[in-house]
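The values are calculated or read from the model by the stated rules, or taken from the named source; none is laboratory data. This one's a predicted model, so the numbers in the text were calculated from it and none came from an experiment. Quick reminder, even Gly has a Cβ in these numbers, built from the backbone with ideal geometry, and neighbours come from all protein chains shown. Accessible surface is based on the protein model in full, side chains and every heavy atom, while ligands, DNA and RNA are left aside. Shrake-Rupley method; radii C 1.70, N 1.55, O 1.52, S 1.80 Å.
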Amino acid sequence: MTSLAKELMASEARLTAAWGDSVPLLTDALLDEARRVLKLQDEASTGTQDQRYPSAALGPLAAAFRASGEKEFAKAAVAIYRHGLEREPLNEGRWTPGPNEDVLLIPHRLGDTECLGWFGALPVFLSSGLFDEDLLDQMVAWARAQLNHLAANIFQARNIRTTQADALLTHGLRFPFLPDAERWRRLGIDALNDCFNRQISGDGSSIEATGWYHYIVMNMSLRFWRLKQAMPDLGLQIRREQVAAMFDYHVATIEPDGRLTPIGDCWLTPPQAGGTLESVVERRSAVRKELGLPARPLPPSQFFPDACQAFLRSGWDPGATYLTFEATRRNGYHWHPARNAIGLSAFGRKMLTDAGGQDYDDRNPPRRWATSTRAHNTCNLNGLNQVWTPATFRYRSVDGWDLVDALYDGGYWSGRNEFTPGPGILGYHHRTCLWARHRFIAVLDHLHHRAAKDGGPDLECNWHFGPGKVTMDAAARRAIYRDGDAGLLLLFPVMPAGTAFGLHGGVHPLYPGPEGVGLPPIPGTWLRLSVAASECHNNSFATILVPFTGETPILEAQDVSDPARPRSHRLTLQWGDGRTDEVVWTRQLEAALEETGGMATDGALVHLERATDGAPQRALIFDGTYLRPHTLTDRAVPETFVWK
C-alpha cells in the first residue's frame with residue numbers, strides 16, 4: 001500500500017471512530033445495484049452505452065466489495081474514478097464548473113453525510129491493490145481543486161449551505177496533509193455553526209420542514225454532535241437537545257406504514273430501505289440514550305409551531321389513523337403552496353394524499369402540478385396558487401379531541417410558480433380540523449374574497465385520494481373512497497349555493513418521484529367541489545370524514561344553522577345506532593357562540609355528543625369558560641376543555 005493510501009486510511013479511521021461507519025451494509029438491493037453497474041460498464045466497453053458512471057454507484061460497489069472481496073467491484077470503482085478525472089480535467093490546477101452546475105455536485109460527489117461519495121468509499125477499495133500512487137495523487141489534486149472552488153463560492157443559506165459546509169469540514173479532516181485543509185475546516189465549522197443556529201427551529205424542525213430534507217440534516221446533526229464529542233477542540237456548537245428535537249420531528253413525519261409523509265418535496269417512501277415506524281421510534285430511543293438524555297416516550301400527536309404543522313395519530317401500530325395538517329412556513333425551495341392542507345392514512349391505506357416531490361424543473365407538467373395549490377387537499381380561488389405569506393396556526397388537544405386551525409391570508413395568484421407570481425385575487429382561507437378520535441373528523445372552511453367584479457371568482461375545495469375507487473353521490477352530498485376492505489366516508493353538509501362536484505379519475509400521478517428514482521407513477525382520483533363566479537364574499541364548507549373497515553357507516557349529516565346568525569354554523573350527525581353529534585362554531589372561531597341550540601357558551605366551537613336516548617354525554621368547548629346548562633361553574637380563564 002502506498003504512503004498516500006496509508007495516510008488516507010488513517011484519516012478515515014479517525015473519522016469512523018468519531019461518527020461511525022458510513023459504508024452501508026450489503027443488502028440484496030445494493031448487491032443488485034452493484035451488479036447492474038458491472039453490467040453497464042461491460043456494455044460501455046462494447047460501445048453499446050455511454051460510459052457515464054455516477055458517483056452514487058460507489059456506495060453499492062463499496063458494500064459489495066467489502067462483503068465479498070471480489071475485485072470486479074473494485075475495478076468498477078476505479079473505472080468511475082478514472083472517468084471522472086478524464087471527463088473534467090483540471091486547467092492549471094483549477095477546476096471549472098460547467099454551465100448550470102448543480103450547487104451540490106461537489107459535496108455529493110466527493111462525499112458528505114448524505115452521500116458516501118468518492119472519498120467515503122475509497123478506503124474500502126484501497127485494499128484491492130488497484131490504486132497506485134499516481135492515480136491517488138490525481139484524485140486528491142482533483143478533489144483539492146474542487147474544494148477550493150467550493151470554499152470560494154459557499155452558498156449563503158438553506159440546506160445547500162449546510163451540505164457544502166459538511167463537505168468542507170469532512171475533507172479538511174480527511175486530507176490533513178494538504179496546505180488548504182485548515183482553511184476548509186475553519187470555514188466548514190463556522191458555516192455549520194451558523195446553520196445549526198439559524199436552520200434548526202426551536203421545535204426541532206429544520207427550516208425546509210419537509211420529511212426527506214429534514215432527515216438529511218438530522219443525520220448531519222447527529223454525525224457532527226458525535227464529532228464534537230471526539231474532537232471538542234474543533235469548536236462545533238451543535239447541542240444534544242437540538243439533535244434530540246430533530247429526531248422527534250422525524251418520527252412525526254413517518255406514516256404508520258414506515259414511509260415519509262409527502263409534505264412539500266418529499267416522496268412517499270421509507271427514509272431507509274425496509275424501514276418501519278417501529279424501527280424509526282427505536283432509533284430515536286437509541287439516539288436519546290447516546291446523547292445522555294432520559295427516555296421520553298413521544299405522544300402520538302405532535303405539534304410544531306415553528307414549522308406550522310401538526311401530525312396526529314391514534315396510536316403507533318401500522319393500521320393506526322394518521323392525520324396531518326400543514327400551514328407550513330416558506331423558508332426554502334422545497335415548500336409547496338399548500339396552506340391548510342390535510343393528509344389522512346388509516347387501516348394501512350393512504351386515503352387523502354399529496355403530490356409530494358417531483359423533479360425540480362418547473363417547466364415540466366408534473367412539477368408544476370405538484371407545486372400548485374390545487375394539487376393539495378385545501379381551498380383556492382380560480383384555481384390559483386397561494387404565495388409565501390405566513391399563516392397563523394393553533395393546536396389544542398384534550399381528552400380524545402384534537403383541534404387545529406389556521407388562517408392563510410395571502411391571496412391567490414397566477415404565474416408559473418411562487419417565484420414569479422402574476423395577477424391575482426386578494427382573499428383568505430381559514431380552516432379548522434376537529435378530530436373527535438372516537439367518532440369522526442370535521443373539516444370546517446371559510447373562504448373570503450373581495451373580488452365581486454365581473455361575477456366574482458370561482459371557489460374550489462379539493463380532495464385527492466390514494467390508489468382505490470371513489471364513488472360520488474352529489475344529490476346526497478356524499479362520497480365514498482374504497483381500497484379493499486378499508487374506506488373513507490365523506491359528507492358535505494355545508495357548502496355554498498351552486499356547488500358542483502367534479503370527479504377526475506387517474507388524471508395525475510401522485511408521487512412518482514423524478515425519472516430514474518425508480519418509483520412508478522400511481523394514479524390518483526381528484527374530487528373537486530367548485531362554485532362558479534361566486535359574488536358572495538364569505539363562503540363556508542364543512543366536510544365530515546369517517547375512516548372505516550367493512551361496511552360503510554350509516555351516518556347522516558344535516559346543516560341546521562340559523563339563517564339569522566350568518567356568522568355561525570350548526571350541524572347534526574345522526575348515526576345508524578341512534579347516537580347523535582352536534583357541532584356548532586363561529587366563522588373562523590372568531591367570536592363567542594352565545595345562545596345556540598338550547599345551550600349557551602362563550603366558546604367559539606362546541607362538539608356535543610348525545611346518547612341514543614338524546615341525553616348529553618360529553619362535550620368539547622373551544623376557547624371558552626362555560627357551557628350552560630351543563631357546566632356548574634365557570635372557568636377562571638378561557639381554555640379548551642371537556643365536559644362530561
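One table, with the values for the structure above:
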| read-out | value |
| --- | --- |
| The chain: proportion of alpha-carbon pairs further apart than 31 angstrom, % | 57 |
| Average silhouette area of the range 524-609, convex hull of alpha-carbon atoms, in square nanometres | 8.2 |
| For the range 162-296, size of Cβ-based charge dipole, Lys and Arg +1, Asp and Glu -1, in debye | 440 |
| Distance histogram for the range 56-113 (every C-alpha pair counted, 10 angstrom bins, percent rounded to whole numbers) | 19, 43, 28, 10 |
| Positive-end residue, the range 386-466 charge dipole about Cα centroid, Cβ charges, pick of Ile425, Ala442, Ser414 | Ala442 |
| Total charge dipole magnitude, the chain, about the Cα centre, Cβ charges on Lys, Arg, Asp, Glu only, Debye to nearest 20 | 520 |
| Charge-dipole axis of the range 115-269 as Lys and Arg at +1 and Asp and Glu at -1 on Cβ define it, positive-most pick from Gln237, Phe155, Met218 | Gln237 |
| Overall dimensions of the range 109-256 by Cα: Rg and Dmax, Å | 16.3, 52 |
| Where Cα atoms sit under 24 Å apart: lysine pairs in the chain separated by 8 or more or lying on different chains | 6 |
| The range 369-503: projected area of the alpha-carbon convex hull, averaged over directions, in nm² | 9.9 |
| Carbon + sulfur, % of accessible area of the range 167-249 - ligands and nucleic acids excluded, 1.4 Å | 48 |
| Dimensionless Rg ratio for the range 286-363, taking C-alpha atoms and the 2.2 N^0.38 Å reference | 1.36 |
| Dipole of the chain, positive direction: furthest Cα of Leu489, Tyr626, Ser285, with charges on the beta-carbon | Tyr626 |
| For the chain: accessible area per residue (Å², 1.4 Å) | 41 |
| Helix-only mean residue ellipticity at 222 nm for the chain, each DSSP H run of n ≥ 4 adding -39500 (n - 2.57), per residue, nearest 500 | -9500 deg cm²/dmol |
| Cα centroid separation - the range 260-306 against the range 124-168, whole Å | 31 |
| Whole-percent carbon and sulfur share, accessible surface of the range 534-644, 1.4 Å | 48 |
| Shape call, the range 567-644: gyration tensor on alpha carbons, a/c limit 1.5 | oblate |
| Whether the range 436-501 is rounded, prolate or oblate, judged on the alpha carbon gyration tensor where a/c under 1.5 counts as rounded | prolate |
| Kyte-Doolittle mean at least -1.0, axial Cα span of 20 Å or more - DSSP H helices of the chain | 3-19, 28-45, 71-87, 133-152, 158-174, 181-198, 211-230, 277-291 |
